[in-house]
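All remarks here apply to the structure that follows.
The values are calculated or read from the model by the stated rules, or taken from the named source; none is laboratory data. On a predicted model such as this, the values are computed, not experimentally measured, just so you know. We place every Cβ from the backbone using ideal geometry, glycine too, and count neighbours over all the protein chains shown.
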Amino acid sequence: METTAPAAKRPRKEFKDPLATCRGTSKVLILDGGLATHIEALGEDIDHSLWSARCLVKNPSVIKQAHADYYEAGAAVAITASYQAHFDGFRELGFGEEEAVSAMKRSVQLAREVAPPNALVAGSVGSYGASLHNGAEYTGDFPGMDEEKLIAWHRPRAKALVEAGCDVLACETVPCLLEARSLVCLLNELQHPAWVTFSCKSDSEVHSGDTIADCVAAVGACDWVVGAGVNCTHPNFVSGLVRRCREVLPAAKSVVVYPNSGEVWNGTTHTWETCTATADEQFVEMAREWLKLGANCIGGCCRTGPATIAALKRGLAQ
């Protein structure tokens, strides 16, 4: 009886942790702030299903300017404008799949063109929920999606960013364990370093109700995940979240945190709910606590800007 030889396994790529390499002997690596927030401040209307990714085809220069402003403020990492880039959104603008892939790759090139020496470009892989344009990245409500479908949906986006030469993938605003597991499968396939950060509703739970401990444990077990943590989460929750991340994440991996200002996004009206935002000085004081608790990659998300990052750079260097 004939037997079929087992398929040869793809050789495992060797890689250096880009976050650890860029951080060097420093205690903390400074990330950028809210890219869409700053693009709006520069005069762009981004209320579209592509959000800031719309500028990749309509006004690339404003993205380049926003990245340059964050690098100048002290960020060592720029997160690309591909967060909400998806094929349906590009089709709304009349662009086909090939043009959409080119736009996603352009997001890496724009950040690279203004990056200082040794700075990193993180290719943003936003949650599937962001593409629904209804705030689902803050609920984890993904009708009809399962792990395999999520892998297939994310694959061409992440692959484009890797092919464009991003240093690390930023899988961000992940609201549920289901999506986290799908991203781990994809990263094992792509063999490219990444961080995975979660959107959280408390100091112990992501928005779906899954625990942050379970989510971080799931992604931390992946060789290609070099860091995990939280983003676009109220800063008041971050200290507790950092503790839990540090407890379950392997010691060699980074705890990555870049919360929003504390304002709340309404996915129905596409507006920020009225509330008291965290002032930059208070944000820095909180960041000092996150650093003490074990976070070593710190930046800002929605409603933070270059001034926030400049304050972090000064405040965490002391």
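Go through the range 34-52 and report how many residues are acidic (Asp, Glu) and modelled with pLDDT under 85.
The number of residues fulfilling the criteria is 1.
Which of the residues belonging to the range 194-246 are aromatic (Phe, Trp, Tyr) and within 22 Å of SER182 (Cβ to Cβ)?
Listed by number, the residues that qualify are TRP195, PHE198, TRP224.
Tally the residues that are hydrophobic (A, V, I, L, M, F, W, C) and without any contact (Cβ under 8 Å) to a residue 40 or more places away in the chain, restricting the search to the range 275-314.
Here the count works out to 6.
Just to be sure before I move on: is VAL108 under 18 Å from the mean Cα position of the chain (by Cα), at pLDDT 95 or above, crowded, with 24+ Cβ neighbours inside 10 Å and closer than 20 Å to TRP195 by Cα in the structure I sent?
yes
For (1) closer than 20 Å to VAL184 by Cα; (2) free of Cβ contacts under 8 Å to residues at least 24 places away in the same chain, each residue gets a yes or a no:
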residue	(1), (2)
GLU72	no, no
ASP88	no, no
GLN109	no, no
LEU132	no, yes
TRP153	yes, no
